[in-house]
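Engineer: Dumping the structure here so I can ask a few things about it.
The values are calculated or read from the model by the stated rules, or taken from the named source; none is laboratory data. Computed from a prediction, not measured in an experiment: that's the story for all the values here. Cβ sites come from the backbone with ideal geometry, for glycine too, and all protein chains shown count toward neighbours. Side chains are part of the model used for accessible areas, which takes the heavy atoms of the whole protein and leaves out ligands, DNA and RNA. Shrake-Rupley method; radii C 1.70, N 1.55, O 1.52, S 1.80 Å.
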Amino acid sequence: MDISLYFSPIPSDNTDYYQEQIGGLISSFKEAGDFPNWMDADLILVGVKEERGSVNNGGCGAGANKVREKLYSLYFDEFPAMVDLGNILPGETIEDTYFALQSCMDALVKKGKTVIVIGGSQDLTLPLYRGYEKTEQLVNLTSIDNKFDISDATDAPINANSYLSSILLHQPSFLFNYANVGYQSYFCPPNILGLMEKLFFDTIRLGEVRGNIRGVEPVLRNSDILSFDVSAIQSADMTGCGNATPNGLLPDEACQLTRYAGMSEKLSCFGLFEYNPRLDENGNSALLVSQMIWYFMEGFVNRKHEVPKPNDSNYLKYRVPVSGADEDLVFYKSLRTDRWWMLVPYPDSKSTRYRRLNMVPCSYTEYQIAGQNELPELWVKTYRKFL
C-alpha cells in the first residue's frame, strides 16, 4: 500500500538547523515527489490537520506545524531512526480523514513501527484504534484526559467528547482494556464511572497521579495506544487549548508520563491532541507539547525490551499463595530495571486470543498486597476479562 497518497509536505521554514537538533537529524516530507523511506525507520511522526470533530476548540487542526517548529529546534542525543511523513489533510468528509488515518496506521503498525500523531482533536483516537483491527489481536487503549469522552445518547455524532462510545460499541470488538489517567471527578457522571467499573477498566484520578506518578508506569507499559488530550494539563501551563481547566497535570508530570509511554515495549501509537495555536500567543504551549514528544523519544531510545519468561535468569520469580486463588500468584521482577509483572491465568480454550495479555505489568504494591493474602485488584480485573 502506498501511504504517500494520504500525505502533503510540511511547509518549509527555511531554517538551518544544527546537526544536533531534531530538525537537522530527522528525514521529513518537504517536497512533493520526495516522500521519506519510512520502511527503514523505527519511529514515525504524522501530522493531521482535522478539527471538524473538535468541541469548543476551533483552530486545533493547525497544531501540527506549530508543534514541529518547536520540536525541530530541540537538541537530541542518540537520535532514533525517525521520519516525519508530513500531514494528512482533511478529507471531503470527516470520515474520509478517519479512513486515511486508519489506513496509514494499519500499514505502519503491521510493519512494527511506533507512530507519534500530532494535531487535530481527540476524536482522531477512533481511527487510530480502527487501524489495529486487521492485526487480529486484542489491544489496550489508555487516554490521559480530565474526563471520559462518552455520550449517553446512542445517536450522538462522533466528536472529541463522544469518540470513546464508538470504540466501546465497535464490532467486532478487539479492545481488551481501557484506562483513563488523570480524570477529575467533578467532570465525570457517576454512571460513567460505574460503567468503567462494570467493564473492569482502569481509572486513575488526578490526585492519585500526583500522589504516586510512578504508579502509572505499569498502566502505560501495558498500553498499545496512548491518546493524550492536552486539556488534561492545567490551563495556566496550557493556554493553547480551549478546554483546559484550572486544575490539571503540571508540565513536568505530563513529560514524565510521556517518557514512561516511550519506554513501553508494547506501545506502538502515541497521539497528542487538542493543541490550538490560535490560542497560544507566546508559543509556550507548543513548546510544552514538543517537549512531551522529546521525552517520549527519550523513553523510546531507552526501551529495555523486557518480556519475562520462565527460567529466565534476568528475572526473579516469586510464588505467593493467596486465599481464593486456585493456584499461587506468580510475579516476576527484572534484575536490570526493578520493574514488576504479574502472571494471570486464562482458559486453555482461549490461549490464542489472550497469550500476549496474561503477563501483566504491575508494581511492587501488587506483590505486597498478595503477600497480605489478598488478591490484587489488577489481578482480579484481568482475570475476569479472561473469562
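Engineer: Tally time: how many residues in the range 174-189 are more than 25 Å from K134 (Cα to Cα), not hydrophobic (A, V, I, L, M, F, W, C) and not in a loop (DSSP other than H, G, I, E, B)? Working first, answer last.
Structural biologist: Going residue by residue through the range 174-189, those that are more than 25 Å from K134 (Cα to Cα) are 181-189.
Then drop every residue that is not not hydrophobic (A, V, I, L, M, F, W, C), which leaves 182-186, 189.
From what is left, the residues that are not in a loop (DSSP other than H, G, I, E, B) are 182-183, 185-186.
Qualifying residue count for the region: 4.
Engineer: Given L226, L199, which one is crowded, with 18+ Cβ neighbours inside 10 Å, modelled with pLDDT of 95 or more and either of a type in the set (A, V, I, L, M, F, W, C) or in contact with a Lys or Arg (Cβ under 8 Å, 6 or more places away or on another chain) (or both)? Walk me through how you get there before you give the answer.
Structural biologist: Numbers: L199 fails: crowded, with 18+ Cβ neighbours inside 10 Å.
When all the criteria are applied, what remains is L226.
Engineer: Now for a separate question. Kindly indicate whether G112 is farther than 26 Å from N243 by Cβ and either touching a Lys or Arg at 6+ places or on another chain (Cβ under 9 Å) or surrounded by fewer than 24 Cβ atoms within 10 Å (Cβ to Cβ) (or both).
Structural biologist: On the way: farther than 26 Å from N243 by Cβ: yes; either touching a Lys or Arg at 6+ places or on another chain (Cβ under 9 Å) or surrounded by fewer than 24 Cβ atoms within 10 Å (Cβ to Cβ) (or both): yes.
Yes, satisfied.
Engineer: If you don't mind, another one. How many residues are within 30 Å of S351 (Cβ to Cβ) and open to solvent by 40 Å² or more (accessible area, probe 1.4 Å) when one looks only at the range 136-175?
Structural biologist: 7
Here is a yes/no grid of residues against (1) part of a helix (DSSP H, G or I); (2) buried (at least 20 other Cβ atoms within 10 Å of the Cβ):
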site	(1), (2)
S231	yes, yes
S235	no, no
T239	no, no
N243	no, yes
P246	no, no
D252	yes, no
L257	yes, yes
K266	no, no
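Engineer: Considering every residue within the range 50-68, establish whether at least one is more than 16 Å from I3 (Cα to Cα), assigned to a loop (DSSP other than H, G, I, E, B), open to solvent by 50 Å² or more (accessible area, probe 1.4 Å) and not acidic (D, E).
Structural biologist: So in the range 50-68, the residues more than 16 Å from I3 (Cα to Cα) come out as 50-68.
Within this subset, residues satisfying the condition of being assigned to a loop (DSSP other than H, G, I, E, B) are 50-59.
Going one step further and asking which of them are open to solvent by 50 Å² or more (accessible area, probe 1.4 Å), we end up with 51-52, 56.
Right, trim to not acidic (D, E) and you get 52, 56.
Yes, because at least one residue in the range 50-68 is more than 16 Å from I3 (Cα to Cα), assigned to a loop (DSSP other than H, G, I, E, B), open to solvent by 50 Å² or more (accessible area, probe 1.4 Å) and not acidic (D, E).
Engineer: Ok, one more. Hey, among the residues in the range 117-157 that are of a type in the set (S, T, N, Q) and closer than 20 Å to E95 by Cβ, which one's farthest from the chain's Cα centre (by Cα)? Step through it out loud before you land on a result.
Structural biologist: Our first condition is that a residue be of a type in the set (S, T, N, Q); within the range 117-157, this holds for 121-122, 125, 135, 137, 140, 142-143, 146, 151, 154.
Still in the running and closer than 20 Å to E95 by Cβ: 121-122, 125, 151, 154.
Values: S121: 14, Q122: 12, T125: 9, S151: 21, T154: 26 Å.
That would be T154.
Engineer: Another one. Given (1) open to solvent by 10 Å² or more (accessible area, probe 1.4 Å); (2) in contact with a strand residue (DSSP E or B) (Cβ under 9 Å, 6 or more places away or on another chain); (3) outside any loop (DSSP other than H, G, I, E, B); (4) not aliphatic (A, V, I, L, M), where does G86 come up short, assuming only one miss?
Structural biologist: Every condition holds for G86 apart from (1).
Engineer: Out of all the residues in the range 226-277, which are in contact (Cβ under 8 Å) with a residue 60 or more places away in the chain and farther than 17 Å from Q122 by Cβ?
Structural biologist: If the condition is that a residue be in contact (Cβ under 8 Å) with a residue 60 or more places away in the chain and farther than 17 Å from Q122 by Cβ, then N247, K266, L267, S268 are the ones that fit.
Engineer: If you scan the range 309-356, which residues turn out to be open to solvent by 90 Å² or more (accessible area, probe 1.4 Å) and of a type in the set (A, V, I, L, M)?
Structural biologist: Across the range 309-356, the qualifying residue is only L335.
Engineer: Kindly evaluate I116 against the criterion of being under 26 Å from S285 (Cα atoms) and at pLDDT 95 or above. Quick ask: steps written out before the conclusion?
Structural biologist: Numbers: under 26 Å from S285 (Cα atoms): yes; at pLDDT 95 or above: yes.
For I116, the condition - under 26 Å from S285 (Cα atoms) and at pLDDT 95 or above - is met.
Engineer: Something else now. So, in the range 203-214, exactly how many residues are touching a residue at least 12 places away in the same chain (Cβ under 8 Å) and open to solvent by 30 Å² or more (accessible area, probe 1.4 Å)? Lay out the reasoning, then the answer.
Structural biologist: So in the range 203-214, the residues touching a residue at least 12 places away in the same chain (Cβ under 8 Å) come out as 203-206, 209-210, 213-214.
Remaining after also requiring open to solvent by 30 Å² or more (accessible area, probe 1.4 Å): 203, 205, 210, 213-214.
So the answer is 5.
Engineer: Another one. Can you tell me which residue within the range 127-149, out of those that are among the aromatic types (F, W, Y) and not in a helix (DSSP H, G or I), is farthest from D202 (Cα to Cα)? Steps first, answer last, please.
Structural biologist: Going residue by residue through the range 127-149, those that are among the aromatic types (F, W, Y) are 129, 132, 148.
Within this subset, residues satisfying the condition of being not in a helix (DSSP H, G or I) are 132, 148.
Numbers: Y132: 21, F148: 12 Å.
By that ranking, first place goes to Y132.
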